[in-house]
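A short worksheet on the structure shown next.
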């Protein structure tokens, strides 16, 4: 997945951007590329659903499932609005519902923002979108992925915890606990079972 | 060498005047920051797309206002698009007129809309002329072997 020139350590996010404005598509594409993201830009909600394989045309058998880490969509679009696209994605009973969706709008309408956040939008960006906005988003998404990976490996570590204290198993009648005799103590048997 | 330095100085002064006169705003700076050695023509590309888009929209607006019965919803939709794209490239004065234009649409005020359309066309021709001059100056510097980005 690494592309020449991109840092090998950082995961490359694939962002699907949706906007009916040609100018805005050009700008968002550049903002994302300069932030080292893989970008797919489409002009409508319908096209976005087609791309994701959610339009009912292709059966989501997963053989050709496109991996998208973030969807950024304009709010005001003819046909399907960004809000409607958001709802459709959040109604999916699969991995698609987990994809964070960000709404972009040139209008700072509180009720609109609330509605989108209530429907599950990750964030609401005021247009024109800035480089700082994209960077912040990217950091947030990448952190989420790292946390996911950490959680999985953390579970493994917890099941082989060897930090039980020695003193608890020494009876007052016997000789004081001697680490050199640990092979014969009940404690070592406990350790061995783990 | 002196020639290039002089051209660069003129470019800086000219660009500053465009900001000072309100033709351009911070968003234009943002666009310039997105340009690099790998994408040297980015700003020209986006602005050119804007010009094409604006030409189309102004045509639509003129047609719509020429109808016997004006469809204000459709009119507003077009103005909204122009407002958006002008904002995206930092064309501040056009953006401002579009805001007034949308108000006129909301009030279903034909006279107001006609006036706003005239204003938009005027501002558009001004900023188009300014930006084309800016790009010409940049090209001159590049042709002479100089660079245009700080």
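Any read-out appearing in this document is the output of simple, stated calculations on the displayed coordinates, not a laboratory observation. Predicted, not measured: the structure shown is a model, and the values here were computed from it. Here Cβ is always computed from backbone atoms with ideal geometry, including for glycine, and neighbour counts include all displayed protein chains.
Just need the relative contact order of chain B here, percent rounded to a whole number, with Cα pairs under 8 Å and 6+ apart.
Details: 123 pairs, mean separation 44.0, N = 150.
Here the relative contact order equals 29 percent.
Assuming R0 = 51 Å, what is the FRET efficiency of residue A:118 and residue B:62, from their Cβ-Cβ distance, to the nearest 0.05? Each step should come with its number before you reach the end.
Details: r = 41 Å, r/R0 = 0.80.
That gives a FRET efficiency of 0.80.
Give me the one-decimal Kirkwood hydrodynamic radius in Å for region A:106-146, with the sum taken over alpha-carbon pairs.
After inverting the pairwise mean of 1/r, the radius is 11.4 Å.
If you look at just the Cα atoms of region B:39-78, how large are its Rg and its Dmax in Å?
Reported Rg and Dmax, both Å: 14.1, 47.
Given q = 0.19 Å⁻¹, what are the Debye log10 I(q)/I(0) values for region A:21-133, with equal point scatterers placed on the Cα positions and solvent ignored?
So the normalised log intensities are -1.05.
How many nm is it between the label spots at residue B:14 and residue A:50, if each spot is 7 Å from the Cα in line with the beta carbon?
4.3
Which value in deg cm²/dmol, rounded to the nearest 500, describes the helix-derived mean residue ellipticity at 222 nm for chain B, given -39,500 (n - 2.57) per DSSP H run of n ≥ 4 and division by the residue count? Please list the in-between numbers first.
On the way: 6 runs with 119 residues, N = 150.
About -27500 deg cm²/dmol.
Compute the length gained on full extension between residue A:148 and residue A:87: take 0.36 nm times their separation in residues and subtract their Cα-Cα distance, giving the result in nm to one decimal. Could you put the intermediate results ahead of the total?
Numbers: separation 61, 0.36 × 61 = 21.96 nm, distance 2.48 nm.
Length gained between residue A:148 and residue A:87: 19.5 nm.
Along the Cα→Cβ direction, 7 angstrom out, place labels at residue B:21 and residue A:111. What is the inter-label distance in nm?
Simple spin-label model gives 4.2 nm for this pair.
Over region B:71-148, what lengths in whole Å, largest first, do the semi-axes of the equivalent ellipsoid take, defined as the square roots of 5 times the eigenvalues of the alpha-carbon gyration tensor?
Numbers: eigenvalues 226, 25, 12 Å².
One finds semi-axes of 34, 11, 8 Å for region B:71-148.
With a point put 7 Å past each Cα toward its Cβ, work out how far residue B:110 is from residue A:136 in nm, to one decimal.
Taking the simple label geometry, residue B:110 and residue A:136 are separated by 4.6 nm.
Out of every Cα-Cα pair in region B:1-146, what percent are more than 19 Å apart? Could the numbers behind the result be given before it?
Values: 5751 of 10585 pairs.
That tail contains 54 percent of the Cα-Cα pairs.
Please work out how much length the chain gains when fully extended from residue B:136 to residue B:52, using 0.36 nm per residue of separation minus the C-alpha to C-alpha distance, in nm with one decimal. Can you show the working numbers first?
Details: separation 84, 0.36 × 84 = 30.24 nm, distance 1.84 nm.
Extra length available between residue B:136 and residue B:52 comes to 28.4 nm.
On full extension of the chain, what length is gained from residue A:94 through residue A:67, given 0.36 nm per residue of separation minus the C-alpha to C-alpha distance?
Values: separation 27, 0.36 × 27 = 9.72 nm, distance 1.29 nm.
Contour length minus Cα-Cα distance gives 8.4 nm.
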